[in-house]
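I have placed the structure first, in the form of C-alpha cells, so that the comments after it can refer back to it.
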Amino acid sequence: VLALGEREGGLSLYLALNNKHVTRTDYNKFEQTPLKLHKKYNVTDKITYSIENATSLNFEDNLFDIVVFKSMLGALRNNSNQEKAFQEAYRVLKPGGYLLFAENLEASSVHRYARKKFTKWGEKWHYPQLNNIIKHCNIFNTFEYKSYGFFSPFGRNEKQRVILSKLDYIFTPFTPKRWRYILFGIAKK
C-alpha cells in the first residue's frame, strides 16, 4: 500500500495494524510523533518511509495494490497539481488496483468564507471542487464516491461537531452535492 501525504501517520498505522506493508510518504521531513506512534504499536517492520511529492512520485509503474490518502489535495495548491496527483496514483497502481481516499471539498460559499475567516491555513489551502475530482478520476476504469455533510465543520469543539453531525445525517440527502464538505472515493485501475 502507498499512503500519500501521511504527515500524522494514522492511515499507515491502521493499515500496518491490519497486516499490510505500507510505504508512507510526505512532502516534508517526517516528524517524530508518528514515528513514535508506529514504534509504540510495534509496526515499524511493516512501514517504510519516503519523502515524495504526490505530483511526481519516484516509484516505478504498476507497483502498488492500493494507494490511499486523506485530506491531502488542498496542500497541492491548485487544480492542475491535484490532477497530477491522481495521474501519479494511477500510474503507480497495478492493473486492478484501488485508490481509496477521503478529501475535504470546497463546499458552499458559507464554508469558503468561514475557512478564510477562522482557519489559519484557509487562504493557502486549495479545497477541490467535486466536479474536478470526478474529472480527475475519469482515467480509472471505475470510480464511486459519496459526499457528505454541511454542518459539522462549524462546530468549535468535538462535542459541538458530534451534535452537528447528527444534523448532517438528517439533512445530507437534501443538501446539494456541491455544498457538501467531504468526499469518500474508491477508484479502480
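Rule-based calculations on the coordinates, nothing more; no lab input. Because the structure is a prediction, the values reported are computed rather than measured. All Cβ positions, glycine included, derive from the backbone under ideal geometry; neighbour counts span all protein chains shown.
Grab the other residues whose beta carbon is less than 15 angstrom from that of HIS21, score K and R as +1, D and E as -1, and report the net. Don't skip to the end; give the middle numbers.
Values: positive: LYS20, ARG24, LYS46, LYS94; negative: GLU6, ASP45, ASP65.
With Lys, Arg at +1 and Asp, Glu at -1, the neighbours total +1.
Mind jotting down the three principal axis lengths of the chain based on Cα atoms? Whole angstrom, largest first.
Projected onto its principal axes, the Cα set of the chain covers 42, 38, 29 Å.
Find the relative contact order for the chain and round it to a whole percent, using C-alpha pairs within less than 8 Å whose residues are 6+ positions apart. Numbers along the way, then the final one.
Working: 342 pairs, mean separation 38.6, N = 189.
Reported as a whole number, the value is 20 percent.
Can you give me the long-range amide H partners of LEU105? Hydrogens built in the peptide plane at 1.01 Å from N, cutoff under 5 Å, separation of 5 or more residues or another chain.
Counting only residues 5 or more places away or on other chains, the set is ILE182, LEU183.
Below 29 Å Cα-Cα, how many Lys pairs turn up in the stretch 14-99? Only count pairs eight or more apart in sequence, or on different chains, if you could.
Counting lysine pairs in the stretch 14-99 gives 24.
Quick one: helix 79-92 against the long Cα principal axis of the chain, what's the angle to the nearest 10°, folded into 0 to 90?
The two axes meet at around 40 degrees.
Could you list which residues have their amide H under 5 Å from that of LEU93, counting only those 5 or more apart in sequence or on another chain, with H placed in the peptide plane?
Hits under the 5 Å cutoff: ASN62, LEU63, PHE64.
Quick one: length gained pulling TYR145 to GLN129 fully straight, 0.36 nm per residue minus the C-alpha distance?
Working: separation 16, 0.36 × 16 = 5.76 nm, distance 1.35 nm.
The TYR145-GLN129 span can extend by a further 4.4 nm.
In degrees from 0 to 90, rounded to the nearest 10, what is the angle of the helix 158-171 Cα long axis to the longest principal axis of the chain?
The answer is roughly 70 degrees.
For the chain, what is the calculated [θ] at 222 nm in deg cm²/dmol (nearest 500), taking -39500 (n - 2.57) for each run of four or more DSSP H residues and dividing by its residue count? Show your work: numbers first, answer last.
On the way: 6 runs with 62 residues, N = 189.
Only helices count here, giving -9500 deg cm²/dmol.
Would you mind calculating the relative contact order of the stretch 1-81 from Cα pairs under 8 angstrom and at least 6 residues apart, reporting the percent as a whole number?
Values: 111 pairs, mean separation 31.1, N = 81.
RCO, the stretch 1-81: 38 percent.
By the scheme Lys and Arg +1, Asp and Glu -1, what is the net charge of all other residues having a beta-carbon under 10 Å from that of GLN129?
Details: positive: LYS135, ARG178; negative: GLU106.
With Lys, Arg at +1 and Asp, Glu at -1, the net is +1.
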